[in-house]
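Student: Okay, here's the structure, questions in a sec.
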Amino acid sequence: MTGRYQIHYGLQHGVIRNDRPHGLPLDEVTLPQRLKDNGYRTYMVGKWHLGFCKKEYTPLYRGFDKFYGFLTGSEDYWTHRRYKGVRGLDLRDQDEPVLDENGTYSTHLFARKATDMILKHDQNQPMFLYLPFQAVHGPLQVPEKYLQEYMHINFTVDRIYAAQVTAMDEAVGNVTNALKNSGLWENTVLIFSTDNGARRHTGSNWPLRGWKNTLWEGGVRGVGFVNSNLLKRKGKTSDALIHISDWFPTLLRISDGSTTGTKPLDGFDVWDAISKGKTSPRKELLHNIDPFYDDQTGSYSPLSYDNIFNTSSYSALRSGDWKLLTGYQGAGWNRRRPYNHEFEESPDPPNKRLWLFNVREDPGERNDLSKMHPDIVQDLLEKLAVYNKTAVPIFWPDPDPRMNPQLHGDVFGPWL
C-alpha cells in the first residue's frame, strides 16, 4: 500500500490488532491516494486490516472513493461477525455498518459488490479496484455445493479449503467477466497474488519450511499472476525477485503516475521484468527486522558476529540467491500431504539463531551454509545493520478496552 518496508513506519512487530489504537501511520502516502492524484477513481472491496481506531485510518480517508468490506483481520464468512475473542459485526458500506447481509457468503458478496462498482463506473475515467477477498483465510467455511467436487479428499480441512479456492476462483471469473462486459478489459491490468503461507497445524507448505508468521520460505514465498493485453509476452513463468512493496512504483508507472513527493520508496518498478522478461531491478529484499522477538529461548550465547548486528533479533534478508535468518525462528518443519502424522525432524539446536541458505538451490531451507561461507554471512549482516539504522521505533501500543463493539452498538468501528 505504501511501497515501503514495515521497518520504516513502525509496524515491524506484527499485524495491527483490533484493540490497539494505531494503524498505518497517517503521514504515509498510499497507492490509491497517489492514483487519485493522477485522475483515477478508486474502489476497495474486502479486507482492510490497516487500522480503524480513528476514522482517519479507514479506507475512505486513505485514498479510496468507495469502500465495502470489513476493517479487522478475520470474521465469519456468513454472519460477518468476529467469531472469536471480542465479537461484533464487522461489515461496512462506506462509513455505515451493513445490517442486512447476514447469511450471504462473503466471497459471493464481495464479488457482487465489485461487479456493481465496475458496471457503474464512468468509462471516461480510469479506475483502480483493490479486491482483497476474505477467502481463503480462516475460518474454513464454504457453501455446500462447492464441496461436492472434492468428496474424494478424505481430510476435512483440505476438502473445505479446496472448495473455498473454487468459490474464490468463480468470483474472480465473475469480476473478470464484468470487466469484459463493461468494455474495460482491453485496457485492464489484472494482478492476483497470495499474501502468506498456511498456518501451523491447519495447513502445510511442504516442501517449503515454515508457516504463516514465520520468515521461512513457507511463510513468505508467494505466488501470483498478471493478465493484461498490455503484456509484451504471455503464457510465461517468471522467477524474478519481487516484493509486495514493488507494486506501488510499478502501478504508478503503468498509470503514468509519479513517485515524486513520496517518502523514500523500498519498492522497484518491476513492470519490464513482468511484461518483457527483463532482469528484475530488485537484487535483494528485507523480510523484516524485529527486535521485540529478542532472545526468545533465553539460552543464546553471544556470536562473534554480534559486533556487526544483533543476531538475536528476529530478522531475514534475501540478497540474490542467498538468504540469511537471525534470531529465534522456530523449527518450521512441515508435514507432507497427505498427512502421515509425522513431522520432519529439525537438526537445529533450540538455541540456534543464525542460518544461511542458497534458496535457489535449496528452497526448502534444509542445508545451513553459514559455517561454510562466513564471508557471505558477514556481508549480509552488514546489510542488515545498514537497514536497521534506517528503522523507526516499533509502535506497539497497549490494548484499549474502549474498542469493544458492545460499547458501540455491537459494531466494530472507530472509537477515538
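Student: Any chance the range 90-98 includes a residue that's among the hydrophobic types (A, V, I, L, M, F, W, C), more than 20 Å from ASN38 (Cα to Cα) and assigned to a helix (DSSP H, G or I)?
Tutor: The answer is no, given that none of the residues of the range 90-98 is among the hydrophobic types (A, V, I, L, M, F, W, C), more than 20 Å from ASN38 (Cα to Cα) and assigned to a helix (DSSP H, G or I).
Student: Can you find a residue that is within 13 Å of the chain's Cα centre (by Cα) and farther than 22 Å from ARG159 by Cα anywhere in the range 200-213?
Tutor: Yes, because at least one residue in the range 200-213 is within 13 Å of the chain's Cα centre (by Cα) and farther than 22 Å from ARG159 by Cα.
Student: Take the residues in the range 179-192 that are within 20 Å of the chain's Cα centre (by Cα) and either in the same structural domain as GLY330 (by TED's automatic domain parsing) or touching a residue at least 40 places away in the same chain (Cβ under 8 Å) (or both), then tell me which one is surrounded by the most Cβ atoms within 10 Å (Cβ to Cβ).
Tutor: VAL189
Student: Among the residues of the range 103-112, write down those that are surrounded by fewer than 22 Cβ atoms within 10 Å (Cβ to Cβ) and of a type outside the set (Val, Ile, Thr).
Tutor: Going residue by residue through the range 103-112, those that are surrounded by fewer than 22 Cβ atoms within 10 Å (Cβ to Cβ) are 103-105, 108, 112.
Once the filter is applied, which keeps residues that are surrounded by fewer than 22 Cβ atoms within 10 Å (Cβ to Cβ) and of a type outside the set (Val, Ile, Thr), the range 103-112 yields GLY103, TYR105, HIS108, ARG112.
Student: Report, by residue number, each residue of the range 379-400 that is more than 30 Å from ASP19 (Cβ to Cβ) and out of contact with any helix residue (DSSP H, G or I) (no Cβ under 7 Å at 6 or more places or on another chain).
Tutor: Once the filter is applied, which keeps residues that are more than 30 Å from ASP19 (Cβ to Cβ) and out of contact with any helix residue (DSSP H, G or I) (no Cβ under 7 Å at 6 or more places or on another chain), the range 379-400 yields ASP379, LEU380, GLU382, LYS383, LEU384, ALA385, VAL386, LYS389.
Student: In the range 106-151, what residues are of a type outside the set (A, V, I, L, M), over 24 Å from PHE64 (Cα atoms) and either in contact with a helix residue (DSSP H, G or I) (Cβ under 6 Å, 6 or more places away or on another chain) or in contact (Cβ under 8 Å) with a residue 60 or more places away in the chain (or both)?
Tutor: GLY138, PRO139, GLN141, TYR146, TYR150
Rundown of residues vs (1) surrounded by 15 or more Cβ atoms within 10 Å (Cβ to Cβ); (2) modelled with pLDDT under 95; (3) within 24 Å of TRP48 (Cβ to Cβ); (4) hydrophobic (A, V, I, L, M, F, W, C), yes/no style:
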residue: ASN177; (1), (2), (3), (4): no, no, no, no
residue: TRP206; (1), (2), (3), (4): yes, yes, no, yes
residue: LYS212; (1), (2), (3), (4): yes, yes, yes, no
residue: SER238; (1), (2), (3), (4): yes, yes, no, no
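Student: Right, something else. Could you tell me whether the range 153-169 includes any residue that is among the acidic types (Asp, Glu), in contact with a helix residue (DSSP H, G or I) (Cβ under 8 Å, 6 or more places away or on another chain), surrounded by fewer than 17 Cβ atoms within 10 Å (Cβ to Cβ) and assigned to a helix (DSSP H, G or I)?
Tutor: No.
Student: List the pairs whose first member sits in the range 227-253 and is in a loop (DSSP other than H, G, I, E, B), whose second member is of a type in the set (Asp, Glu) and surrounded by 20 or more Cβ atoms within 10 Å (Cβ to Cβ), and whose Cβ atoms are under 8 Å apart, counting only residues at least 6 apart or on separate chains?
Tutor: Here the result reads HIS243/ASP266, each pair linking the range 227-253 to a residue that is of a type in the set (Asp, Glu) and surrounded by 20 or more Cβ atoms within 10 Å (Cβ to Cβ).
Student: Starting from residues that are closer than 14 Å to TYR5 by Cβ and of a type outside the set (D, E, K, R), keep the ones in the range 245-264 and report whichever is nearest to the chain's Cα centre (by Cα).
Tutor: The extreme case among them is SER245.
Student: Scan (1) under 22 Å from MET127 (Cβ atoms); (2) out of contact with any helix residue (DSSP H, G or I) (no Cβ under 6 Å at 6 or more places or on another chain); (3) outside any helix (DSSP H, G or I) for the single condition LYS180 breaks and write down its number.
Tutor: (3)
Student: Next question. In this structure, is ASN351 at pLDDT below 95, farther than 26 Å from LEU11 by Cα and either outside the structural domain of GLY320 (by TED's automatic domain parsing) or polar (S, T, N, Q) (or both)?
Tutor: On the way: at pLDDT below 95: yes; farther than 26 Å from LEU11 by Cα: yes; either outside the structural domain of GLY320 (by TED's automatic domain parsing) or polar (S, T, N, Q) (or both): yes.
For ASN351, the condition - at pLDDT below 95, farther than 26 Å from LEU11 by Cα and either outside the structural domain of GLY320 (by TED's automatic domain parsing) or polar (S, T, N, Q) (or both) - is met.
Student: Specify which of the listed residues (ASP65, ASP27) is of a type in the set (Asp, Glu), more than 19 Å from the chain's Cα centre (by Cα), over 21 Å from PHE292 (Cβ atoms) and buried (at least 17 other Cβ atoms within 10 Å of the Cβ).
Tutor: Being of a type in the set (Asp, Glu), more than 19 Å from the chain's Cα centre (by Cα), over 21 Å from PHE292 (Cβ atoms) and buried (at least 17 other Cβ atoms within 10 Å of the Cβ) holds for just one of ASP65, ASP27, which is ASP65.
Student: Among the residues of the range 259-280, which ones are in contact (Cβ under 8 Å) with a residue 60 or more places away in the chain and either on the phi < 0 side of the Ramachandran plot or among the hydrophobic types (A, V, I, L, M, F, W, C) (or both)?
Tutor: THR259, THR262, LYS263, PRO264, LEU265, ASP266, GLY267 - these are the residues of the range 259-280 that are in contact (Cβ under 8 Å) with a residue 60 or more places away in the chain and either on the phi < 0 side of the Ramachandran plot or among the hydrophobic types (A, V, I, L, M, F, W, C) (or both).
Student: Now, a different point. Looking at this structure, is LEU231 surrounded by 14 or more Cβ atoms within 10 Å (Cβ to Cβ) and either within 20 Å of the chain's Cα centre (by Cα) or at pLDDT below 95 (or both)?
Tutor: yes
The values are calculated or read from the model by the stated rules, or taken from the named source; none is laboratory data. Since we're looking at a predicted model, the values are computed, not measured. As a convention, Cβ positions derive from the backbone with ideal geometry for all residues, glycine included, and neighbour counts pool all protein chains shown.
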